[in-house]
Amino acid sequence: MDNSKSKCVLLTGGAGYVGSHTIIPLIESGYEVVVLDNLSNACKGDEGQNPVPISQVEKLVGKPVTFYNVDLLDYDSLSKVFDKHNFCCVIHFAGLKAVGESCIIPLTYYRVNVSGSINLFQVMKEHNVKKLVFSSSSTVYGEPQFLPITESHPVGQNLLNGYAKSKYYIEGIIQDLCNSDKEWFVIILRYFNPVGAHPSGILGEDPTGIPNNLMPYVAQVAVGNRPCINVFGNDYNTVDGTGVRDYLHIMDLAEGHVSALQKLQNADENGAIAINLGTGNGYSVLQVIDMFSQVSGQKVKYAIADRRAGDCASSYCDASFAKSYLGWEAKRTLKEMCEDTWRWQSLYPQGFSTKK
Ligand code: WQD
């Protein structure tokens, strides 16, 4: 099939946090979106209904979203989805992403993330779909050797967990694929720290169990679900001793994917290119807690605890290449990240699990 004029995009893992938020600006930009997800980390809908995040997106965009409950490890089912749609491109979000868990079950992370990606790329090749946006992570940089982190920073060195290594291996597979077939054009997006929620408050980060990440944990303390947050170390060489990260509003991140897709469709290029998506600003744990307390009007109780294994002191990016190559830059502030998170957490104190 000739997909050169198609605007139909497949989102693997599109029922997840980043994927579901990305559907919105894609549809607003005129794309037709098809979502594939195995629902291992997304709230299922009622019998015969789309997963809850997808139903919420449908309310926001005012049109149905095609959804397939398919696992990337199920080659035949995956291939059948490609038989049904003339995809111009794939945005590949699907994968396990809990850093701590990946140290306990690395083989699962490599099977799901790496083997799943190989299946996807093989099916794409067989259907002549050779434009890809890949959801990678700043963790491929390991312990920063310099700051701000540019795309030329070394990758794959001293990676401490299976999650980071899986992302690094997939980036390498993509490079080899592009070297073997010059028709491929791939944009690798290295996310810094995605946080926040859609400003409507009906879509947000909905972690299962105890949140691994700072922002959802802070939000759950503010809403009263958890008594206190442990601050993992206050003896780092940073502004106040606590860890500094480059937090990026989920809607800025979502819009970054649209910019990447438009580049894939409009530029006469090939090969694989990696781009940092971040704000270029770093905020400490205590600065985030303070901002969240301000916007929510709730005191966020915290206690200083030991450092967390694998954490670095500071990580934030040089975002200038995203600006020059994609014409994209983050617009939303830390205050907006906290305001939108608080609106979501207040509307859904238990996430989607108990409220549809
Ligand atoms: C941020 C800061 C913690 C929780 C990870 C992945 C990355 C991406 C985002 C997937 C650090 C501190 C946290 C808590 C705390 N995930 N913290 N108490 O570790 O920078 O990045 O999540 O794509 O790939 O590596 O994010 O939110 O876990 O931590 O003090 O209860 O908050 O020490 O300084 P991180 P995080």
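The values are calculated or read from the model by the stated rules, or taken from the named source; none is laboratory data. What you are looking at is a predicted structure, and each value in this text was computed from that prediction instead of being measured. Glycine also receives a Cβ, built like all others from the backbone with ideal geometry; neighbour counts cover every protein chain displayed.
Taken across region 290-298, residues that are among the β-branched types (V, I, T), within 15 Å of the ligand (Cβ to nearest atom), surrounded by fewer than 23 Cβ atoms within 10 Å (Cβ to Cβ) and farther than 30 Å from Q175 by Cβ do not occur at all. Consider region 262-272 and keep the residues that are in contact with a strand residue (DSSP E or B) (Cβ under 6 Å, 6 or more places away or on another chain) and outside any loop (DSSP other than H, G, I, E, B). The one that is nearest to the ligand (Cβ to nearest atom) is A272.
Among the residues of region 126-171, the ones that are in a loop (DSSP other than H, G, I, E, B), buried (at least 18 other Cβ atoms within 10 Å of the Cβ), within 12 Å of the ligand (Cβ to nearest atom) and among the aliphatic types (A, V, I, L, M) come to 1 in all. State whether one or more residues within region 342-355 are more than 30 Å from I173 (Cβ to Cβ) and part of a strand (DSSP E or B). Scanning region 342-355 turns up no residue that is more than 30 Å from I173 (Cβ to Cβ) and part of a strand (DSSP E or B). Among the residues of region 221-234, not one is touching a helix residue (DSSP H, G or I) at 6+ places or on another chain (Cβ under 7 Å), assigned to a helix (DSSP H, G or I) and near the ligand (Cβ under 10 Å from one of its atoms).
Selection within region 235-258: residues that are away from the ligand (no atom under 13 Å from the Cβ) and among the charged types (D, E, K, R). The member of this set that is surrounded by the most Cβ atoms within 10 Å (Cβ to Cβ) is E255. Among residues of region 235-258 that are within 28 Å of W328 (Cα to Cα) and assigned to a helix (DSSP H, G or I), those with a beta-carbon under 7 Å from a residue that is more than 12 Å from the ligand (Cβ to nearest atom) and of a type in the set (V, I, T) at least six positions away or on a different chain give the pairs A254/T22; A254/I24; H257/T22; H257/I91; H257/V133. Filter region 172-206 down to the residues that are within 16 Å of the ligand (Cβ to nearest atom), aromatic (F, W, Y) and either more than 30 Å from E336 (Cα to Cα) or buried (at least 24 other Cβ atoms within 10 Å of the Cβ) (or both) and list them by number. Listed by number, the list holds a single entry, F192.
In region 178-198 there is no residue matching the filter, namely being touching a helix residue (DSSP H, G or I) at 6+ places or on another chain (Cβ under 6 Å), closer than 29 Å to S353 by Cβ and part of a helix (DSSP H, G or I).
For region 273-289, filtered to residues that are assigned to a loop (DSSP other than H, G, I, E, B) and surrounded by 20 or more Cβ atoms within 10 Å (Cβ to Cβ), the residue that is farthest from the ligand (Cβ to nearest atom) is T279. Taking first residues from region 193-210 that are hydrophobic (A, V, I, L, M, F, W, C) and partners that are more than 11 Å from the ligand (Cβ to nearest atom) and modelled with pLDDT of 95 or more, the Cβ contacts under 6 Å between residues at least 6 apart in sequence or on separate chains come to V195/M337; A197/G204; A197/D340; A197/T341; A197/W344; I202/Q56; L203/Q56. Residues that are of a type in the set (S, T, N, Q) and either more than 17 Å from the chain's Cα centre (by Cα) or surrounded by 22 or more Cβ atoms within 10 Å (Cβ to Cβ) (or both) do not occur anywhere in region 31-38. The numbered conditions (1) touching a Phe, Trp or Tyr at 6+ places or on another chain (Cβ under 8 Å); (2) modelled with pLDDT of 95 or more; (3) under 25 Å from I23 (Cβ atoms) are all true for Y109 except (3).
Residue pairs whose Cβ atoms lie under 9 Å apart, sitting 6 or more positions apart in sequence or on different chains, and linking a residue in region 22-48 that is on the phi > 0 side of the Ramachandran plot to a partner that is not acidic (D, E), are G30/K7; L39/A15; L39/P51; L39/N69. Do we have G310 as over 29 Å from I104 (Cα atoms), outside any helix (DSSP H, G or I) and of a type in the set (G, A, S) here? Judged against the criteria, G310 is not a match.
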